[in-house]
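Reading through the structure tokens given below for one structure.
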Amino acid sequence: MLLTNKARKTLLNYPYLETVAIVGIYLGAGYFTNPQDICMLESSVSFLTIVLTIITLFHGISSGLLAISLFGVAMKFGYPDFFYEVFLSELVLVLIFGEFHYYWTQTIILQKTEAEFTRHKLFELSKAFYTLKISHDQIEKSYVVKPMSIQNSIRKIKDDFYARSRDDFFQQFLQLLKKVFTIERSDGC
């Protein structure tokens, strides 16, 4: 598995080298099977189209144009007559597949960008939700442990204000704040 990933990364780093190697192997196989037809143009299956399609879809239009150029040179020097129709039809296919490769690559890049953005936002929102949940749990705990409403708090402050002296009132007020807001230590208390 590791060797396959390494080989794939190496091939992706050198697409022109791979294109030249594939075309060389193809032309070598063509010369080995029939030296008069090295591009295998007279076979019942169009291997030339298959090879150009694979190269262009895998590496893009630049590798496809390199491959068609190499096949053009092979056609020029390997055959008595140059097959213009075959060459031009293969060139059109390379151009079409090159455009397809371009749009497909752009779609993949867009999808990767959207996935990264979604992953980032999900991470941020999960942290915010966790913080909100902790805050909610603290508020809930505060109301369960000390069920004191604002109205009760105001009434207690008002009653203490009139019933106690000012110093005693402020001490009681600070104690009330300490209790309501779960203050553990303050400079005034």
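The residue of region 59-100 that is farthest from residue 29 (Cα to Cα), among those that are free of Cβ contacts under 8 Å to residues at least 12 places away in the same chain and either among the aliphatic types (A, V, I, L, M) or crowded, with 16+ Cβ neighbours inside 10 Å (or both), is 96.
Filter region 125-147 down to residues that are open to solvent by less than 80 Å² (accessible area, probe 1.4 Å) and within 24 Å of the chain's Cα centre (by Cα) and give me whichever is modelled with the highest pLDDT. Let's see the steps before the verdict.
The first filter runs over region 125-147 and keeps only residues open to solvent by less than 80 Å² (accessible area, probe 1.4 Å), leaving 126, 128, 134-135, 137, 142, 146.
Then drop every residue that is not within 24 Å of the chain's Cα centre (by Cα), which leaves 126, 128.
Values: 126: 91, 128: 88.
The selected residue is 126.
Annotation: residue 64 fulfils all but one of (1) assigned to a loop (DSSP other than H, G, I, E, B); (2) touching a His at 6+ places or on another chain (Cβ under 9 Å); the unmet one is (1). For residue 53, the conditions (1) more than 25 Å from residue 15 (Cα to Cα); (2) under 38 Å from the mean Cα position of the chain (by Cα) are fulfilled apart from (1).
Given the structure, is residue 4 open to solvent by less than 50 Å² (accessible area, probe 1.4 Å) and either touching a strand residue (DSSP E or B) at 6+ places or on another chain (Cβ under 9 Å) or hydroxyl-bearing (Ser, Thr, Tyr) (or both)? No. Pick from region 45-58 the residues that are of a type outside the set (A, V, I, L, M) and open to solvent by less than 50 Å² (accessible area, probe 1.4 Å): which of them is farthest from residue 105 (Cα to Cα)? For region 45-58, the residue satisfying everything is 49. What is the one condition in (1) under 16 Å from residue 61 (Cβ atoms); (2) of a type in the set (D, E, K, R); (3) open to solvent by 90 Å² or more (accessible area, probe 1.4 Å) that residue 116 does not satisfy? The number of the failed condition is (1). Hey, can you tell me all the residues within region 9-44 that are open to solvent by 70 Å² or more (accessible area, probe 1.4 Å) and assigned to a loop (DSSP other than H, G, I, E, B)? Result: 14, 36, 42, 44.
The values are calculated or read from the model by the stated rules, or taken from the named source; none is laboratory data. All of these numbers come straight from a predicted model, not from anything done at the bench. All Cβ positions, even for glycine, are placed from backbone atoms using ideal geometry, and neighbour counts span all protein chains on display. For accessibility, only protein heavy atoms count, side chains too; no ligands or nucleic acids. Shrake-Rupley method; radii C 1.70, N 1.55, O 1.52, S 1.80 Å.
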